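**Q** Just passing along the structure, written as structure tokens.
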Amino acid sequence: MPNFEKFDPLEEQENREKNAEKLKELLKSMAEDFNKNGIPVDEECRIHTKAFSETYGDNVLEEDEKETRRLTKIFADKKNLTVEEYEKKKELSDGDQLEMLKTIIFHRNLGDEFIVVRASNYDDIKGGVDNVIVNKKTGNVICAFDEGSPRKGDQFEEKHKKTLEKNRKGGANLKYGLTFKEGEEKPHLGRLSKLPVFHLFLHPSEIQKGINGLDNAVVEEVLFKAFITEINGQIKEMEGSVPPQLQAQWNDFREFIKEKL
């Protein structure tokens, strides 16, 4: 089993740019397969808002794109960076690289039965949702992932509490969501509401070691089991304290991951 904790912090920093490119290439390859199968995503495997033209109309899409750019500029200004500098720094951050890594890991381990895609930039920024998992056979939207974070300090503890509270209040919402209706191969595009949401995290050294170890079956298995163990733990923590609809949505997924633990 890989020893994540012994990963050299200096080597970690040197690897970040290389790892960002590696992650983007893997996501691009996944995106090509998704689009061939009628799942509208961009090159980063984010749900593609342009596919929602018939759902919302072009004016709404333009307004949401404008809002996404506005909020991104606010985030960049707070850090005294240009938007370009902010986006470059973001893709090298622990949070962004964890988001890309878990998308790849879940896709590789769940892809036969579930669709795992990243939320649109709009839903990521407005609602803090990273990913959505959909059951291919039933069309049920199983859950969403809240923004990931490194496993460290007060930031992690605060994020964990907020995620649990979000579920107790009814779960996450997506404006740009997808699901399937029985007997139809083409996805149904539109709003999704009341989704159970889980918060996944890794130690910063685990993130970089995990990216370096992609395509290593042992490393990928360790990461996947770490993620589903955390999901299972959060389900136990929330059971009985969240709306019944949320529990119903994660039930079949819970049975599925129990077999993998």
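The values are calculated or read from the model by the stated rules, or taken from the named source; none is laboratory data. A quick note: this is a predicted structure, and the numbers were derived from the prediction, not measured. Note: ideal-geometry Cβ built from the backbone for every residue, glycine included; neighbour counts use all protein chains shown. These area figures cover heavy atoms from the full protein model, side chains too; ligands, DNA and RNA do not enter into them. Shrake-Rupley method; radii C 1.70, N 1.55, O 1.52, S 1.80 Å.
**Q** What length, rounded to one decimal in nm, is gained on full extension from K161 through to E185, with 0.36 nm per residue of separation minus their alpha-carbon distance? Kindly include the intermediate steps, with their values, before the conclusion.
**A** Working: separation 24, 0.36 × 24 = 8.64 nm, distance 3.78 nm.
In short, 4.9 nm is gained.
**Q** Under the definition of Cα pairs under 8 Å and six or more residues apart, what whole-number percent is the relative contact order of the chain?
**A** Relative contact order, the chain: 20 percent.
**Q** Binning at 5 Å from 0, report for the range 138-250 what percent of all alpha-carbon pair distances ends up in each bin.
**A** Once binned at 5 Å, the Cα pair distances of the range 138-250 give 2, 11, 18, 19, 17, 15, 13, 5, 1, 0.
**Q** With θ set to phi - 60°, apply the Karplus curve 6.51 cos²θ - 1.76 cosθ + 1.60 along the range 182-188 and write out the HN-Hα couplings as whole Hz, x wherever there is a Gly or Pro.
**A** In residue order, the calculated couplings are 4, x, 10, 8, 7, x, 8 Hz.
**Q** Show the residues, 5+ positions off or on another chain, whose built amide H is closer than 5 Å to the amide H of D146.
**A** D130, F198, H199, L200
**Q** How much of the accessible area of the chain, in percent, comes from carbon and sulfur atoms when a 1.4 Å probe is used? Walk me through the numbers before you get to the answer.
**A** Details: 6150 of 13330 Å².
Of the solvent-accessible surface of the chain, carbon and sulfur hold 46 percent.
**Q** Take D112 and E17, extend 7 Å from each Cα along the Cα→Cβ direction, and tell me the distance between the two endpoints in nm.
**A** 4.1
**Q** Another one. So which lysines can K50 reach, going by Cα to Cα under 19 Å and dropping same-chain residues fewer than 8 places off?
**A** Straight-line reach from K50, under 19 Å: K28, K36, K66, K126, K175, K186.
**Q** Take R168 and E255, extend 7 Å from each Cα along the Cα→Cβ direction, and tell me the distance between the two endpoints in nm.
**A** 2.9
**Q** Then there is this: Among N167, L192, N37, whose Cα projects farthest towards the positive end of the dipole of the chain, with charges put on the beta-carbon of Lys, Arg (+1) and Asp, Glu (-1)?
**A** Of N167, L192, N37, it is N167.
**Q** Then there's this: So how much slack lies between N80 and T55, counting 0.36 nm per residue of separation and subtracting their Cα-Cα distance, in nm?
**A** Values: separation 25, 0.36 × 25 = 9.00 nm, distance 3.71 nm.
Extra length available between N80 and T55 comes to 5.3 nm.
**Q** On to the next question. Given the -39500 (n - 2.57) contribution per DSSP H run of 4+ residues, what per-residue ellipticity at 222 nm results for the chain, rounded to the nearest 500 deg cm²/dmol?
**A** -18500 deg cm²/dmol
**Q** Moving on. In the neighborhood of K169, defined by Cβ-to-Cβ distances under 14 Å, what is the net charge if each Lys or Arg adds +1 and each Asp or Glu adds -1?
**A** Details: positive: K161, K162, K166, R168, K194; negative: D146, E165.
Local net charge: +3.
**Q** Moving to a separate point now. By its C-alpha gyration tensor, with a ≥ b ≥ c as the square roots of the eigenvalues, how is the range 24-88 shaped: rounded for a/c under 1.5, else prolate for a/b larger than b/c, else oblate? Mind showing how you got there, number by number?
**A** Numbers: a/c = 5.01, a/b = 1.34, b/c = 3.74.
Verdict is oblate for the range 24-88.
**Q** Report I39's accessible area, 1.4 Å probe, all protein chains in place, as a number in Å² to the nearest 10.
**A** Rounded to the nearest 10, the figure is 10 Å².
**Q** Leaving ligands, DNA and RNA out of it, rank E165, E14 by accessible area with a 1.4 Å probe, largest first. Write down the numbers at each step before the final one.
**A** Working: E165 80, E14 145 Å².
Heavy-atom accessible area, descending, gives E14, E165.
**Q** I'm a student and want to see the number: the projected area of the Cα convex hull of the chain, averaged over all directions, in nm². Please report the intermediate quantities before stating the final value.
**A** Working: hull surface 56.2 nm².
The orientation-averaged projected area of the Cα hull of the chain comes to 14.1 nm².
**Q** Under a 1.4 Å probe, what is the accessible area of the chain per residue, stated in Å²?
**A** Details: 13330 Å² over 261 residues.
In whole numbers, the chain has 51 Å² accessible per residue.
**Q** Another one. Could you calculate the contour length gain from K137 to K236, that is, 0.36 nm times the residue separation minus the distance between their Cα atoms, to one decimal place in nm? Let's see the in-between values first.
**A** Working: separation 99, 0.36 × 99 = 35.64 nm, distance 2.56 nm.
Gain in length upon complete extension: 33.1 nm.
**Q** So what are the ³J(HN,Hα) numbers for the range 129-142, from phi and the Karplus equation (6.51, -1.76, 1.60; θ = phi - 60°), rounded to whole Hz, Gly and Pro as x?
**A** Residue by residue, the range 129-142 yields 9, 8, 9, 9, 10, 10, 6, 5, 7, 8, x, 5, 7, 6 Hz.
**Q** With θ set to phi - 60°, apply the Karplus curve 6.51 cos²θ - 1.76 cosθ + 1.60 along the range 104-121 and write out the HN-Hα couplings as whole Hz, x wherever there is a Gly or Pro.
**A** 5, 5, 5, 4, 5, 9, 10, x, 6, 10, 10, 9, 10, 10, 7, 5, 4, 4
**Q** For the chain, with the dipole built from +1 on Lys and Arg beta-carbon atoms and -1 on Asp and Glu ones, taken about the Cα centre, which of A217, I74, N109 lies farthest toward the positive end?
**A** My answer, from the dipole projection, is I74.
**Q** Another one. Taking springs between alpha-carbon atoms closer than 10 angstrom, which of D130, D146, D33 fluctuates most in the Gaussian network model of the chain?
**A** D33
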